[in-house]
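Here is the structure we will look at, set down as structure tokens.
The values are calculated or read from the model by the stated rules, or taken from the named source; none is laboratory data. These numbers were taken from a predicted model, which means no experiment stands behind them. In this analysis, Cβ positions are derived from the backbone assuming ideal geometry, glycine residues included, and neighbour counts consider all displayed protein chains. Ligands, DNA and RNA are excluded from the accessible area calculation, which covers all protein heavy atoms including side chains. Shrake-Rupley method; radii C 1.70, N 1.55, O 1.52, S 1.80 Å.
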Amino acid sequence: MKKELEKTYNPNIESKIYKNWLEKKYFHADADESRQPYTIMMPPANITGVLHVGHSLTFTIQDSLIRFKRMQGYNTLWMPGTDHASISTEVKIVDALNAEGINKRDIGREKFLERAWAWKEKYGGTIVSQLKLMGVSCDWDRERFTMDDGLSNAVLTTFIHLYKKNYIYRGEKLINWCPYCRTTISDSEVEYEEKDGYLYYFKYPIEGGGYIEFATTRPETILGDTAVAVNPDDERYANLIGKLAIIPVIGRKIPIIADSYVDKEFGSGAVKITPAHDPNDYEVGERHKLERISVMTDDGRMNENAGKYQNQTSKDCRKNVIRDFDELGLYIKKESIKHNVGTHERCHTIIEPLIKLQWFVKMADLAKPALEVYNSGKLRIFPARFGKVYAHWLENIRDWCVSRQLWWGHRIPAYYCKSCGEVFVGLEAPDVCDKCGHTEFRQEEDTLDTWFSSALWPFSTLGWPEKTKELEYFYPTSVLVTGHEILFPWVIRMVFSGLELMGDTPFKDVMLNGIVRDDQGRKMSKSLNNGVDPIQVIEQYGADALRLMLVTGNALDNDTRFYWSRLENARNFLNKLWNATRFVMMNMDSETNCANSSDFSDSSKGAVTDKWILSRANTIGREVTNRMDNYDLGMAAQMAYDFIWDEFCDWYIEIVKPRLYNKEDPTRLSALWTLKKVLIIGLKLLHPFVPFITEEIFTTIQDSEETIMFSNWIEFDPSLQYPEEEKLAGLFQQAIKGIRAARLEMSVDPSKKINAKLVSDDERIRGFFESIRKSFVMMAGASTFEIFVLSARKSGDIVNENDVPVIIDGATVYISLDETVDREKELERLNREKKKIESELSRCEVKLNNPGFLSKAPEKLVSEEREKLRKYNYMLTKINDRIAAATV
RNA sequence: GGGAGCAUAGCUCAGUUGGGAGAGCGCAUGCCUUACAAGCAUGAUGUCACAGGUUCGAGCCCUGUUGUUCCCACCA
């Protein structure tokens, strides 16, 4: 029973197909030593998220690679999952609680975590169900969450491991503090925004007389100053070095020091140093063993060290300090400046650098092997330019602050003796403190940076630290595909974690994709309200159209723009493919199933054009495969697209029609066999990008349940190369195009039939056109078509003066119309043709007359040029004859 | 301040080791030709940013200039 296809492609088939794939468990992969694995770890989606078109792009790329490899016979695993997204989620839950009038500290940790898990249950599923609409073929049976028992165990095991190797330490250092979220954040979570501000000038009195002038953007930190620094080469201040300056208001005496960090040209050339509230000052402080005086509290107010300013907000304090200095005559002026201010990327609160006791991962030793695998070429990064960024970051890496003052996340497995404060790191608190003998402990309140768990994703999801067969088989994975914005926070951390804990890189290749922008090139953002909802796109055009649009027409590492017109184009292509299938199926009958390759290969049954299109399909298959292997999906999809639309639909299907319509035609079966064969090749080449429609057509046309997902990928077959046939088909195209152009040029009514004559001394050309006579007649809109050997007759016997010539390589086609030809127009056309040929000819001649070209260019190129010269000379002679005849 | 990318048709972008400038959209003209009007045919439009250099030959390689985007650092 054969299915009928609707006249227009309707993407509503997608959900049914996806359901079938899930039921058949096609996406599931198990360890199987007899087969080669191909593995991709899906970047875990945040449970706060909804699907946006950026996801659509990166998941389309991954799915295309997975489907390509699956068809090539690999045992493919695409591991999906979600991320607890510690701070993002916590911020959202806190907001939700605030809306109910609840403060998170009022309900306490336990109750808060209950809310968080409820959130996870509710929203974690949303993005997964949205992903499924995209057609992603990941193994949902293996879906993981970063706070699953297994993955949490991996996190604790890692922490303990690193602690035992002294890679994790606790220390008091300057960290980035978000006063709104009241937690530390890492350097990569700080976003710099340019803001308008002031540079304030003050002066401190110097002990023993005189003043020293300095400038600052943050007068409130004066209270934490422990030095004034000048450049050692600055002669203006040379005599002041070593003296003491006095901070008025609080009366502290601080040294004037010399440090090359100070820029002589900026401001007054002297800098106040606040080691507790500025990263650079912190380093100066380290070098000069300065005291670190913290003057701020966790919520951004002034603390007890600020003396009379205690409890003021930093804003008020700033105002008051300026006023007080002014009264003392020590405030000089302010200047407007633009400067970059660090803000928290999640809540955009201005970051306060503070000194805090935190947990850190020591990076120097971990970074080395991660750099080494890149330098040795073991880890490849696409596009290559990001490799330099990767290396540069690792070479300049700083210790990683991993503790967060949050509740939603993995609680640090450290325990403090309640009596002496001794620290123990382990899965559980010890029974007895081995320092003081006490038996009561409290667990560290802090949780870990969310990236600490995602850094383990490539192996924690496969069961690590257990030695599972999945881990053994699927690790290391094949390629990681993700956006370049998380190269630092995620990719690099996976690499050094994998090397440290698994002894091998987590993936062989890294492929970084760009972002999807709006049609004006702007980033999609909530504030601009220019985001495109992929779910809406899918409902309207289908996932296949969205996928095809995202993947074609752009190099994948480039940012791409979202255009509805491009989406329509993709949809139109799918409709084209759909209708090509309808055409093939419409002509198939019981006989068709008997058609086989011998109908094609037997020269009495097959046709030149069959060999041509199959030869092209074979070549395109090889090209598409090459592109896929190099992650050039955009070009791969484009080639398949062009082949189907231009060559298969616009030429082959048109050419083949007369043979199909005539049931007596001996080459009919070959035509049907070729149509189906080439269509299936096209479906396979397209399946990685547009999985739904290709599956629907594949099963329909074969009248079988067998999925295209496991059908064999196209293998290049040298025996299917037919260069001679390709050349002849090219001549046919030249002739038809020429005739069509001439007809339009001469304003011949489209319904008007013309008479056509082909004149050639080349026997193969005559034979070929003889064999394709009916297609020629149809496509040229001709009523008669005669073929002559010129050398056997005088041209006057064949061609009359009203005939219009179309010159192709090795032959001339004359078309004659009943009405008189417009002489002038005809001459115009001929002269334009002539000009074109002449310019080609002169290009050839210039090259061939150049001794340098002859002696240095490759032989192949030279002979190609000679062949062109011959061809254009032939065409020029023909056209000159014609012009001469027409002018008489 | 350091690093990287980009500059090709009206718009958005391809152009794989240097060897006759391309696509989609848009535009113009004509066609409802029995797979498809979500279609077909034909056509117009480019000092490949600018200036040098290497080469027999440069959109592609090198140097410089201009414009633009991004990343890193964050000079108080």
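Can you pull the percent of chain A's accessible area that's carbon plus sulfur, 1.4 Å probe, other chains left in place? Intermediate results must be reported in sequence, preceding the final value.
Numbers: 19030 of 39830 Å².
The value for chain A is 48 percent carbon and sulfur by accessible area.
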**Request:** Translational diffusion coefficient, Stokes-Einstein: compute it for the range A:161-316 using the Kirkwood radius over C-alpha pairs as Rh, at 25 °C and 0.890 mPa s, and state it as an integer in µm² s⁻¹.
**Result:** 144 µm²/s
**Item:** Heavy atoms of A:LYS774: accessible area, 1.4 Å probe, square angstrom to 10
**Value:** 120 Å²
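Which order do you get for A:PHE507, A:PHE441 if you rank them by accessible area with a 1.4 Å probe, largest at the top? All intermediate terms of the calculation are to be shown ahead of the outcome.
Values: A:PHE507 0, A:PHE441 35 Å².
Descending order: A:PHE441, A:PHE507.
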**Message:** With angles folded into 0 to 90 degrees, how steeply does helix A:823-848 sit against the dominant principal axis of chain A? Use alpha carbons for both and round to 10.
**Reply:** 60 degrees
**Prompt:** Straight-line reach from A:LYS165: which aspartates and glutamates have a Cα under 13 Å away, not including same-chain ones fewer than 8 places off?
**Reply:** A:ASP365, A:GLU500
**Anchor A:LYS289: lysines whose Cα lies under 24 Å away (excluding residues fewer than 8 positions away in-chain)** = A:LYS173, A:LYS203, A:LYS243, A:LYS253, A:LYS264, A:LYS272, A:LYS356, A:LYS362
**Item:** Angle in degrees between helix A:385-395 and the longest Cα principal axis of chain A, rounded to the nearest 10
**Value:** 20 degrees
**Complete:** One finds the C-alpha centres of the range A:103-122 and the range A:153-217 to be spaced, in Å, by 30 Å
**Asked** By DSSP, what percent of the beta bridges with both residues in chain A are antiparallel, rounded to the nearest 5?
**Response** 70 percent
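Where Lys and Arg each count +1 and Asp and Glu each count -1, what net charge lies around A:GLU220 among other residues with Cβ under 10 Å from its Cβ? Intermediate values should be presented prior to the final figure.
On the way: positive: A:ARG218, A:LYS315, A:ARG318, A:LYS319; negative: A:ASP316.
Once positives and negatives cancel, what remains is +3.
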**Item:** Convex hull of Cα atoms in chain A, direction-averaged projection (nm²)
**Value:** 52.2 nm²
**Request:** Please label the shape of the range A:53-165 as rounded, prolate or oblate, based on the square roots a ≥ b ≥ c of the eigenvalues of the alpha-carbon gyration tensor (a/c under 1.5 means rounded; beyond that, a/b larger than b/c means prolate, else oblate).
**Result:** oblate
**Ordering of A:846-855, A:867-876, A:173-182 by burial proxy (mean other Cβ atoms within 10 Å per residue, highest first)** = A:173-182, A:867-876, A:846-855
**Asked** Ignoring ligands and nucleic acids, what accessible area does A:THR313 show with a 1.4 Å probe (Å², nearest 10)?
**Response** 50 Å²
**Message:** Let's test the formula: R0 of 56 Å, r as the Cβ-Cβ distance of A:ILE350 and A:ASP141. What FRET efficiency results, to the nearest 0.05?
**Reply:** 0.75
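Express the accessible area of chain A per residue in Å², computed with a 1.4 Å probe while the remaining protein chains stay in the model.
Values: 39830 Å² over 888 residues.
On a per-residue basis, 45 Å².
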**Item:** Per-residue SASA entry for A:ASP187, accessible area with 1.4 Å probe, Å² rounded to 10
**Value:** 90 Å²
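Based on DSSP H runs of at least 4 residues, each adding -39500 (n - 2.57), what is the mean residue ellipticity at 222 nm of chain A after dividing by all its residues, to the nearest 500 deg cm²/dmol?
Details: 29 runs with 383 residues, N = 888.
Result for chain A: -13500 deg cm²/dmol, rounded to the nearest 500.
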**Complete:** In whole Hz, the Karplus estimates of ³J(HN,Hα) for the range A:88-102 (6.51, -1.76, 1.60; θ = phi - 60°; x where Gly or Pro) are 4, 5, 4, 4, 5, 5, 4, 4, 4, 5, 4, 4, 8, x, 10
**Prompt:** Considering the Cα trace of the range A:496-645, what is its radius of gyration and what is Dmax, both in angstroms?
**Reply:** 21.5, 69
